[in-house]
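Here's the structure, in structure tokens; my notes come after.
Here, each number is a calculation from the coordinates, and none is a lab measurement. As the structure is a prediction and not an experimental result, all values here were calculated from the model. Methodologically, a virtual Cβ is constructed for each residue, glycine included, from the backbone with ideal geometry; neighbour enumeration extends over all protein chains shown.
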Amino acid sequence: MKVDIVRPNEHLIGIRKERNSRQHNGQACVYFIMDKHRQYVLVAQKLHSAKAFIDQNLALDASDRVSVSGLYNCMDTSEGRHSGFHKNRWRCISAPLEDARMKFEHVREGFERAVVIGSGGEYDIR
């Protein structure tokens with residue numbers, strides 16, 4: 001897993017499909033996992049990679065750990081007991097791969113850190 005922190009003066013200029021990434025609604029997509037406290041926005045093509053990053057770097061104890069199924073179930077919704085947040089902290093939205101670059105620039109506004117997670121070479125940052 002390769003992790004890049006996108007600085008405020010950097011931009012995501014290209015995204016290629018990650019090997020073995022799944023499709024959502026029949027097309028290749030990118031997931032944006034956003035922190036309710038507006039500290040982190042994570043970008044990944046595999047929910048498992050985002051889950052691993054959260055559990056290894058952001059979860060303070062076992063109760064903060066997330067699950068892939070929980071992230072998937074809260075995707076693209078604001079309904080439910082926790083208003084669409086998994087663990088009452090993380091919201092997940094998806095975007096088609098071809099729209100992901102513009103969506104990233106829009107979503108990252110207002111967050112302290114933008115983190116891009118991949119297996120290496122899928123994201124061009126400058």
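Things worth noting here:
- Residue 105/residue 67 FRET efficiency (R0 35 Å; Cβ-Cβ; nearest 0.05): 0.75
- Within the chain: Cβ-based charge dipole about Cα centre, in debye rounded to nearest 20 (Lys, Arg +1; Asp, Glu -1): 180 debye
- Note on segment 2-125: dipole from Cβ charges, positive end direction compared against 120, 83, 37; the farthest Cα belongs to 83.
- Highest mobility in the GNM of the chain, judged by mean-square fluctuation with C-alpha springs under 10 Å and restricted to 84, 26, 14, is found for 26.
- Extension gain (nm, one decimal) between residue 60 and residue 83, 0.36 nm per residue minus Cα-Cα: 6.0 nm
- Shape parameters for segment 2-125, alpha-carbon atoms, Rg then Dmax in Å: 13.4, 38
- Helical contribution to [θ] at 222 nm, DSSP H n ≥ 4, -39,500 (n - 2.57), averaged over the chain, rounded to 500: -4000 deg cm²/dmol
- The label-point distance for residue 76 and residue 124, in a model that sets each label 7 Å from Cα toward Cβ, rounds to 2.7 nm.
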